[in-house]
Structures are given as C-alpha cells and as structure tokens.
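Step one of this worksheet: look at the structure below.
The values are calculated or read from the model by the stated rules, or taken from the named source; none is laboratory data. Remember, it's a predicted structure, so these values are computed and weren't measured experimentally. Counting neighbours? That spans all protein chains shown, and the Cβs are built from the backbone with ideal geometry, glycine included. Protein only, heavy atoms only, side chains kept; ligands, DNA and RNA dropped before computing areas. Shrake-Rupley method; radii C 1.70, N 1.55, O 1.52, S 1.80 Å.
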Number of protein chains: 2
Amino acid sequence: MNDTRATAAPGGQALLFLTDEQLRKGIEAMFFAYRGFTADPDRILEDKAYGRAHHRAIHFISRSPGTTVNNLLSILGVTKQSLNRVLRTLIEDGLVESRVGTRDKRERHLVLTEVGEALERELSDAQRTRMRAAYREAGPEAVQGFRAVLEAMMDPELRRHFNQLKEAQDG
Amino acid sequence: MNDTRATAAPGGQALLFLTDEQLRKGIEAMFFAYRGFTADPDRILEDKAYGRAHHRAIHFISRSPGTTVNNLLSILGVTKQSLNRVLRTLIEDGLVESRVGTRDKRERHLVLTEVGEALERELSDAQRTRMRAAYREAGPEAVQGFRAVLEAMMDPELRRHFNQLKEAQDG
DNA sequence: ATTTTATGTCAGTGTTGTTGACTTTCCAAG
DNA sequence: CTTGGAAAGTCAACAACACTGACATAAAAT
C-alpha cells in the first residue's frame, strides 16, 4: 500500500522514486490533516468572540513571553494592521498585557495575563490531545519522520523562526 | 536533538513518552509547514483573480472528474453558498464545466476544461515541487511517518474521504 | 536636527466563510 | 398523478481576517 520506494544510491544516499500520485497524496494529507488540526481550537473559540487569528497570537505570546509586536509580525506573517486588530481586542478583554519596553521605549512587550493563560491552556490542551493521539497511533518512528518532512517543507525564514522557538525551551 | 523517546513496553507495543513541549513543537511545525505548503499556489493565484478556495475546488475536481457538487461540499467542508460563489466564477471563466446528470438530472457533474486543467497543472506542479524537495530532504522513512501521523490527525469523516481518493488511483 | 524605527490608527477593499429565505428541478413514494 | 423531499442554484446580509495606503506619535539612531 505504501509504495514509496527507496534504493541505495552510489553516494550512499537513499534515492526516492516519487510518483506524482504519491506527492499528490501527501498534498491531500496535508489538507485534510490541517482541518483536523484546527478543528478543536476552532470549536472552543466559536463560543467566545475570537477566531484563529487570536489563537495564533495567544500561542506565540505564550511561547515567547515578552515578545515584541515586530517579532510577532514576522512569525505570523501578517500586516501590522491585521495583527493590531487582534491584539487590541485581546488587550481590551484583559487577556494580553502590553508593556512599554525598558531599554527601547518604542517597543511593546506582550505577555499573557492569568485569564489569557487560562484560555491558552484550554486551546493547547485540546490541540495537544489530538496530536498526542495521532503520535500514539502512528508510532515513535513516524513522529520523527513527520517532524522532518514538515521542517523541510517550511520557507527558510519560517524555518528559522521555528528553530529559534525550539532552542528557547528544547535545545 | 530529536528526543522523542520510545521504549519497548510489556505488550510488545512501543510506548511514547511525549512531553507537552514535544507536542507543542509538533503543533508549531504544522503551523509553519502549512504556510510553506500554500505559499507557492498562493503566489500563482495572486495575479489571477482567484484564491485558495478556487485552488481547492480545482484540485478536487481534477482528482475526481465528474464529481457532484454535494460530494465536493462534503470534501471541502464549506456551505453550498460558499462553494457556489467559487464554482460560478470558475464556470463563467471557462475553467470548469457543469454537466447535468444523466441518471439524476438534479445533479451537476463537474469537470475541468482544457484551460482549467492547465491552471491545475501549474498549481499542482508548484506544490509537488516543494513536496518532492521536502521528501528528498527528509528521506524515505520520514515520508512514511509523515503520512501516518497526518492520517491519524484527521477527523474520521475526512479520513474516509482521504482514503476514498486514495483507492481511486492508488489502491 | 533629521532620519529611521516601532507602534498604533483610520479608511477602504477583497476573499472566504457564515445564516436565512426562496425558487427551480426532478426523483420517488403514496 | 400528485405530492413530499432532495439537489442545486440564487439573493441578501453579515463576519472574520487578510490586504493597501495614509497618517500620527514617540523614541532611537545618525
């Protein structure tokens, strides 16, 4: 069923014979899996007045407490106007605190409040539960492969961000 | 660096010790990778008057030529009004043909025209190129794991659709 | 003193999703 | 044959979330 073939090549490198069909299935897998990936947080946010954009902001503020608006912008890849709309509501609702920088007073450092952290936990618990179940079902070797392919799929700039986040608490 | 640990458990099953941090990194990998995944088609569509929704419709019509609107709806998971707006422009622009069903004349069977297939090729070529590069970089075992985790992450209904598409040309 | 950077804000626009209401077509059961 | 309901299409209104462009403020850098 899984006919991704590998053969030893002269250089000791494994060569992949990837048919268009196999690649197409990878593409569809990404599409369907991403729907599942966002389904649980979406359900939680649907009641509250927030959407996916709020979730992303909350996630990365939680991940890098005290991050600046500019840093968040380059991670999320949206315009400042778009991010600002989201941040404004989160600050107004008391989920995020915006602190003027000490060294550079132009910068705003973003941190989650208690309430913000509670929502972050609720959202990430749901997402982690699905991820954990998928990892268990697929097995440990699969997890390594999953991460390797995803990382290889990222744009270089995003990959840099991804690995910087990793270093913060993992490396 | 990749510290997803696996240990042989009594039942012969491998046990995974997944920390919240490891799961979180999987979540972030999905987020960043999906951005890369959609980046190339987005760039192509940006010039033309189409968006991601058009791409998705074109992809699945190409994948299952003659599919009905209802089938497409359950694959894409949007409302008929939303899909209809997209299909209407694609039909008006001569990329998609809508054929009245022969057995059931209420149904519309959707197929790509020559022009539609040309755009589909352009889009999927771009997406496959990235996927192929990622597969090559990650290696053949990683590809297996990638697909296994993604499939485990899908909602059951979407997983059914995914596997039905597979059977069509792979099983 | 001037320029650049970081941030915030206002106004307008586009894509993509939603609900709700309504019509047309047409299969199938009574 | 009539009627109920499913499939498809349409119209209107609306919301989330992205975009561009223009402009304001404060502070750092030159």
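Descriptive notes on the structure:
- Test result for A:ARG136, facing another protein chain (nearest Cβ under 7 Å) and farther than 27 Å from B:THR38 by Cα: yes
- Being open to solvent by less than 60 Å² (accessible area, probe 1.4 Å), within 11 Å of chain B (Cβ to nearest Cβ) and small (Gly, Ala, Ser) is a property that holds for A:ALA142.
- Residue within region A:14-26 that is among the polar types (S, T, N, Q) and part of a strand (DSSP E or B) present: no
- Restricting region B:160-170 to residues that are open to solvent by 20 Å² or more (accessible area, probe 1.4 Å) and within 7 Å of chain A (Cβ to nearest Cβ), the residue that is modelled with the lowest pLDDT: B:ASP170
- Residue count, region B:41-66 (criterion: assigned to a helix (DSSP H, G or I) and either within 15 Å of DNA strand C (Cβ to nearest atom) or in contact with a Pro (Cβ under 6 Å, 6 or more places away or on another chain) (or both)): 17
- Restricting attention to region B:71-85, the residues that are away from DNA strand C (no atom under 12 Å from the Cβ) and closer than 13 Å to B:SER98 by Cβ add up to 0.
Conditions (1) within 14 Å of DNA strand D (Cβ to nearest atom); (2) within 20 Å of B:ALA29 (Cα to Cα); (3) modelled with pLDDT under 95; (4) of a type in the set (Phe, Trp, Tyr), marked per residue:
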residue	(1), (2), (3), (4)
A:PHE60	yes, yes, no, yes
A:SER64	no, yes, no, no
A:THR67	no, yes, no, no
A:GLU117	no, no, no, no
A:ARG128	no, yes, no, no
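- Take the conditions (1) within 14 Å of chain A (Cβ to nearest Cβ); (2) under 18 Å from the mean Cα position of the chain (by Cα); (3) of a type in the set (Val, Ile, Thr); B:VAL69 misses just one of them, which is (1).
- Among residues of region A:94-133 being free of Cβ contacts under 8 Å to residues at least 12 places away in the same chain and over 19 Å from the mean Cα position of the chain (by Cα), the one that is farthest from DNA strand C (Cβ to nearest atom) is A:GLU114.
- Which listed residue is farther than 24 Å from B:GLY26 by Cα and buried (at least 21 other Cβ atoms within 10 Å of the Cβ), from A:LEU150, A:LEU95: A:LEU95
- Failed item in (1) touching a Phe, Trp or Tyr at 6+ places or on another chain (Cβ under 8 Å); (2) farther than 22 Å from A:TYR34 by Cβ; (3) away from DNA strand D (no atom under 11 Å from the Cβ), with B:THR89 passing the rest: (3)
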